[in-house]
Amino acid sequence: MKAMEEKIRKEGTVLPGGILKVGSFLNQQIDTEFLKEIGDEIARLFEKEEITKIMTIESSGIAIAAAAGMSMGLPVIFAKKHKASNVDGEILSTKIHSFTHGNDYEAVVSRDYLKEGDRVLLVDDFLASGNALDGLMDLAELAGAEVAGAAVAIEKKFQGGGDKLRVRNVRVEPLACIEKMTDTEIIFTDNKR
């Protein structure tokens, strides 16, 4: 999606430690017109996959997943980063390491929302090391659901998470794929493989 690359070039900032800040349009302040384009593009990419639900993790992936859900006419599930008092009944849980925050957390989802036979599209804002999507795949497996693929706004290819998922035969569709990132430049690639 060339529009995502242009938006990153225009509004993105590289922070120390390999962090790409896109808070002005994607995950702190949200450009809602652009978000609709993102949802429509994800719907186009996965229109033939017979998906029944979209799943993400709180909190930065929720807006993107909701946009995709609206474009696809599907419900959206989000895993919470800890068991809260409003998550009751049987829960599914897995441990995930956050690259951005440098810590581990437990992701949980109610079995009421993720069921055997669901065909799930995983959605997130970033794909770096792949830990969040790995965790979502674990939750789907625990539920007996099938993962139809993963859509991410931005893949940082140089961190290997997308390749790790592709080796597991997961279809990964980034809207922008970054080959290399330095303090002064971002190099995009069309090569998702």
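The values are calculated or read from the model by the stated rules, or taken from the named source; none is laboratory data. Because the structure is a prediction, the values reported are computed rather than measured. All Cβ positions, even for glycine, are placed from backbone atoms using ideal geometry, and neighbour counts span all protein chains on display.
Whenever a residue of region 86-103 is within 12 Å of Ser129 (Cβ to Cβ) and among the aromatic types (Phe, Trp, Tyr), its partners that are at pLDDT 80 or above and not in a strand (DSSP E or B), lying with C-beta atoms within less than 7 angstrom and at least six residues away or across chains, give the pairs Phe99/Ala128; Phe99/Ser129; Phe99/Asn131.
Taking only region 149-162 into account, find how many residues are touching a residue at least 24 places away in the same chain (Cβ under 8 Å) and either surrounded by fewer than 22 Cβ atoms within 10 Å (Cβ to Cβ) or polar (S, T, N, Q) (or both). Reasoning before the result, please.
Of all residues in region 149-162, those touching a residue at least 24 places away in the same chain (Cβ under 8 Å) come to 149-157, 159-162.
With the extra rule that they be either surrounded by fewer than 22 Cβ atoms within 10 Å (Cβ to Cβ) or polar (S, T, N, Q) (or both), the set shrinks to 149, 159-160.
Going through region 149-162 one residue at a time, the tally reaches 3.
Say we look at region 22-48 and pick out the residues that are part of a loop (DSSP other than H, G, I, E, B) and not polar (S, T, N, Q); which of these is nearest to Ser129 (Cα to Cα)?
Just the residues of region 22-48 that are part of a loop (DSSP other than H, G, I, E, B), to begin with: 22, 28-31, 46-48.
Restricting the remaining residues to those that are not polar (S, T, N, Q) gives 22, 30-31, 46-48.
Details: Val22: 18, Ile30: 24, Asp31: 26, Phe46: 23, Glu47: 27, Lys48: 28 Å.
The selected residue is Val22.
So which of Ser93, Ser129, Ser71 ends up being over 14 Å from the mean Cα position of the chain (by Cα), buried (at least 17 other Cβ atoms within 10 Å of the Cβ) and closer than 26 Å to Gly12 by Cα? Walk me through it before giving the result.
On the way: Ser93 fails: closer than 26 Å to Gly12 by Cα; Ser129 fails: over 14 Å from the mean Cα position of the chain (by Cα).
Just one listed residue meets the conditions, Ser71.
Take the conditions (1) touching a Leu at 6+ places or on another chain (Cβ under 8 Å); (2) without any contact (Cβ under 8 Å) to a residue 40 or more places away in the chain; Met4 misses just one of them, which is (2). The condition of being surrounded by fewer than 13 Cβ atoms within 10 Å (Cβ to Cβ) and of a type in the set (Asp, Glu) holds for only one of Glu50, Glu37, that being Glu50. For region 49-61, a tally of residues being in contact (Cβ under 8 Å) with a residue 60 or more places away in the chain, assigned to a loop (DSSP other than H, G, I, E, B) and not hydroxyl-bearing (Ser, Thr, Tyr) returns 4. If the condition is being among the aliphatic types (A, V, I, L, M) and either at pLDDT 95 or above or assigned to a helix (DSSP H, G or I) (or both), then region 1-21 contributes Ala3, Met4, Ile8. Screening Leu142 with (1) among the aliphatic types (A, V, I, L, M); (2) in contact with a Ser or Thr (Cβ under 8 Å, 6 or more places away or on another chain); (3) surrounded by 21 or more Cβ atoms within 10 Å (Cβ to Cβ); (4) more than 17 Å from Lys21 (Cβ to Cβ) gives one miss only, at (3).
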